[in-house]
Amino acid sequence: MAKDKKSGNSPTAIKGVMYVYNDKNVTFNPKDTSENVVTGARRRGVLTMLSDGRMGFMAQPYKGSTTKKLKRTVHGTLSESEDNYYLYMRIDKTECSVFRKMMAKEMKELLTVNN
């Protein structure tokens, strides 16, 4: 195995079996050495090593977007969350010659209320 350039140490290989429950919880058991190959996956969560050498993983639930889009224009979006309003505008650099006029027009369009 290749050594780490900073520390000069070789990585440690651990053999064992990892069990996945309900696609959320994972347990690693180093005493069980039956060799199974699984595909890789990425998931945010907490990995802990227990005192007997086993490892456990608890996945964190995905938090979706809490904002609701109120209005869209060619260059901007007006949205609201539980506490705030968000105004996002994006104007391409090729349109910079009329930047002020375009900004004023888009702001007026986003902030007018349709009945």
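Could you look through segment 45-72, keep only residues that are of a type in the set (D, E, K, R) and in contact with a Leu (Cβ under 9 Å, 6 or more places away or on another chain), and pick out the one that is least open to solvent (accessible area, probe 1.4 Å)?
Checking each candidate, the answer is LYS71.
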Looking for something of a type in the set (Lys, Arg), more than 20 Å from MET107 (Cβ to Cβ) and either modelled with pLDDT of 80 or more or in contact with a Pro (Cβ under 9 Å, 6 or more places away or on another chain) (or both) - is there at least one such residue anywhere in segment 29-38? no
Quick one: LEU78 ticks every box in (1) of a type in the set (A, V, I, L, M, F, W, C); (2) in a strand (DSSP E or B); (3) at pLDDT below 80 bar one, so which box is it? (3)
Name the residues in segment 6-28 that are surrounded by 10 or more Cβ atoms within 10 Å (Cβ to Cβ), modelled with pLDDT under 75 and under 21 Å from the mean Cα position of the chain (by Cα), would you? LYS24
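The values are calculated or read from the model by the stated rules, or taken from the named source; none is laboratory data. Predicted model, so just to flag it, every value in this text is computed and none were measured. Using ideal geometry, Cβ is built from the backbone for each residue, glycine included, and neighbour counts are taken over all protein chains shown. SASA here: full protein model, heavy atoms, side chains in, ligands and nucleic acids out. Shrake-Rupley method; radii C 1.70, N 1.55, O 1.52, S 1.80 Å.
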